[in-house]
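**Student:** Sharing a structure, written as structure tokens. Questions coming.
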Amino acid sequence: MRKKSGLHFGKEKKKVNIPIIKEIFAWIVEIAIVLGIAFVFVYYIGLRTSVVGPSMMPTLANKQEILINRFIYLITDPKPNDIIVFLPNGNEKSHYYVKRVIGTPGDTVQIKDGTVYVNGAPFEEELETDAILDTELAGEEILLAEDEYFVLGDNRNNSEDSRYANIGNVKKQHIIGKAWFVVSPYEDFGFLD
């Protein structure tokens, strides 16, 4: 019998380098953790959108870019004077609307003589606003359901908000989150009050 000569591929056992495999696995786990934290940060408190129009002047201006906190309304409800971001009537094809919460679930809201009344008392504004000239739907008392919010723009006489039938009361499920930080332009960079 003759022995075959030549190359012998695959006949030698290869040694597995355990320390290198452990190092690679540790890197993969660390990268996955960092990516997970980055995703959570961006998704819940770093969603970015632009303000469209002058309805939130003087608080926010047209084309300013803001960050939205989506997380806060998972653990608490919007409060009066919060600046919220929402889709009107849940319309996914619309741009995000940015408005100030005036009435919360169970409240009654009415605009009389240019003033906003919530539960029969003048609304406590956090900023000075002009008298409202056009009451639209809010000329009559509006009772908010348990999942509805009444919102107005800070520029009360140049805002499409809950006074108008095409926006109406905002359901909680249509609220994206709370506006909390201005990122652009640079001279306005900072937290919203």
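**Student:** So which residues in the stretch 136-170 are closer than 16 Å to ASN89 by Cβ and in contact with a Gly (Cβ under 7 Å, 6 or more places away or on another chain)?
**Tutor:** LEU144, TYR149, PHE150, ASP161, SER162
**Student:** Also, quick follow-up: So, in the stretch 158-181, exactly how many residues are among the hydroxyl-bearing types (Ser, Thr, Tyr) and part of a strand (DSSP E or B)? Can you show your working first?
**Tutor:** Here is the first cut: in the stretch 158-181, the ones among the hydroxyl-bearing types (Ser, Thr, Tyr) are 159, 162, 164.
Filter once more, keeping what is part of a strand (DSSP E or B): none.
Within the stretch 158-181, residues that are among the hydroxyl-bearing types (Ser, Thr, Tyr) and part of a strand (DSSP E or B) number 0.
**Student:** Continuing with the same structure: Starting from the stretch 57-79, take each residue that is over 23 Å from PHE150 (Cβ atoms) and list its partners that are crowded, with 16+ Cβ neighbours inside 10 Å and of a type in the set (Gly, Ala, Ser), counting only C-beta distances under 8 angstrom and pairs at least six apart or across chains.
**Tutor:** Taking only residues 6 or more apart or on different chains, the pairs are ASN62/GLY53; LEU67/GLY46; LEU67/ALA179; PHE71/GLY177.
To keep it simple, each residue is scored yes or no on (1) surrounded by 21 or more Cβ atoms within 10 Å (Cβ to Cβ); (2) among the charged types (D, E, K, R); (3) at pLDDT 95 or above.
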site: ASN89; (1), (2), (3): no, no, no
site: LYS112; (1), (2), (3): no, yes, yes
site: VAL116; (1), (2), (3): yes, no, yes
site: ASP130; (1), (2), (3): no, yes, no
site: PHE150; (1), (2), (3): yes, no, yes
site: SER184; (1), (2), (3): no, no, no
site: PHE191; (1), (2), (3): no, no, no
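**Student:** Which of (1) under 18 Å from VAL52 (Cα atoms); (2) part of a strand (DSSP E or B) does HIS95 not meet, given it meets every other one?
**Tutor:** (2)
**Student:** Filter the stretch 83-92 for residues that are outside any loop (DSSP other than H, G, I, E, B) and of a type in the set (A, V, I, L, M, F, W, C); which is farthest from ASP154 (Cα to Cα)? Outline the logic, then answer.
**Tutor:** First, the residues of the stretch 83-92 that are outside any loop (DSSP other than H, G, I, E, B): 83-86, 88-90.
Now narrow it down to the ones that are of a type in the set (A, V, I, L, M, F, W, C): 83-86.
On the way: ILE83: 10, ILE84: 12, VAL85: 14, PHE86: 16 Å.
Of everything passing the filter in the stretch 83-92, PHE86 is farthest from ASP154 (Cα to Cα).
**Student:** Looking at ASN155, is it within 16 Å of VAL51 (Cβ to Cβ) and in a loop (DSSP other than H, G, I, E, B)?
**Tutor:** yes
**Student:** Still on this structure, please answer the following. Would you be able to tell me the number of residues in the stretch 102-127 that are over 25 Å from the mean Cα position of the chain (by Cα) and in a loop (DSSP other than H, G, I, E, B)?
**Tutor:** 4
The values are calculated or read from the model by the stated rules, or taken from the named source; none is laboratory data. No experiment lies behind these values; they were computed from the predicted model shown. Positions of Cβ are backbone-derived with ideal geometry, glycine not excepted, and every protein chain shown enters the neighbour counts.
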